[in-house]
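The values are calculated or read from the model by the stated rules, or taken from the named source; none is laboratory data. Computed from a prediction, not measured in an experiment: that's the story for all the values here. Note that we place each Cβ from the backbone using ideal geometry, even for glycine, and neighbour counts take in every protein chain shown.
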């Protein structure tokens with residue numbers, strides 16, 4: 001595992017912290033990130049745009065003039081698309097723009113985005129903010145001490161209300177909880193700031209059950225006893 005310097009709220013060194021290689025140390029998959037971000041932005045579209053067809057426009061029930069003898073092209077309604085005030089041909093209608101994205105692809109995109117920021121040295125881990133009460137001034141001073149001079153994504157725990165209230169008024173800071181972490185927000189910000197409590201940890205490997213292997217010789221012994 002790669003190690004980075006753990007910081008405190010004053011910007012001073014507070015030891016070392018390990019970054020999970022499977023989360024912060026993979027080769028970024030750019031096509032997957034592009035596909036996931038595109039799907040995420042598409043899902044934000046309301047899809048409520050709507051135009052009226054010739055059958056939905058009010059009026060136009062009567063034939064504008066007789067079929068023959070006028071010298072004009074025959075017309076059936078003044079609400080046809082080529083008339084001013086008529087319906088719209090092939091116009092937009094309400095629809096859903098959402099795309100189905102596999103969970104594994106979403107996870108890979110997030111890990112790729114975090115790995116990209118970690119490779120650039122833009123991932124910062126703080127032991128704790130330690131704000132006794134909400135203070136925007138203290139939050140701004142803390143980011144300056146950490147060397148954050150651009151847009152920052154600050155990940156705070158749900159129970160850290162003082163930190164959330166302190167950072168929410170800073171225009172260059174996007175506040176997010178661990179459950180809301182996604183590839184798009186990571187890529188939109190230059191720095192990613194975690195507290196040690198919300199830093200992603202490596203997934204625990206599934207333990208194997210040794211009891212299944214022990215059942216086979218036991219069954220064999222019962223067969224031998226029956227034959228004897």
(request) Go through (1) in contact with a strand residue (DSSP E or B) (Cβ under 6 Å, 6 or more places away or on another chain); (2) more than 19 Å from residue 138 (Cα to Cα); (3) touching a residue at least 40 places away in the same chain (Cβ under 8 Å) and name the single condition residue 197 misses. (result) (1)
(message) Within segment 125-228, considering only helices (runs of 4 or more DSSP H) that don't extend past its boundaries, which have at least 2 residues that are at pLDDT below 90?
(response) 211-227
(request) Given the conditions (1) over 41 Å from the mean Cα position of the chain (by Cα); (2) not in a loop (DSSP other than H, G, I, E, B), report the number of the one that residue 65 does not fulfil. (result) (2)
(request) Of all residues in segment 139-181, count the ones that are touching a residue at least 40 places away in the same chain (Cβ under 8 Å) and surrounded by 17 or more Cβ atoms within 10 Å (Cβ to Cβ). (result) 9
(request) Could you please find all residues in segment 1-34 being surrounded by fewer than 17 Cβ atoms within 10 Å (Cβ to Cβ) and in a helix (DSSP H, G or I)? (result) 21, 22, 30, 31, 34
(request) Please name all residue pairs, on different chains or six or more residues apart, with Cβ atoms under 7 Å, provided the first residue is in segment 44-60 and is at negative phi and the second residue is surrounded by fewer than 10 Cβ atoms within 10 Å (Cβ to Cβ) and assigned to a loop (DSSP other than H, G, I, E, B). (result) 48/94; 50/94
(message) Just to be sure I understand, how many residues within segment 98-117 are over 15 Å from residue 200 (Cα atoms), free of Cβ contacts under 8 Å to residues at least 40 places away in the same chain and assigned to a helix (DSSP H, G or I)?
(response) 2
(message) Here's a check for you: in segment 35-62, which residue that is more than 15 Å from the chain's Cα centre (by Cα) and crowded, with 16+ Cβ neighbours inside 10 Å is modelled with the lowest pLDDT?
(response) 60
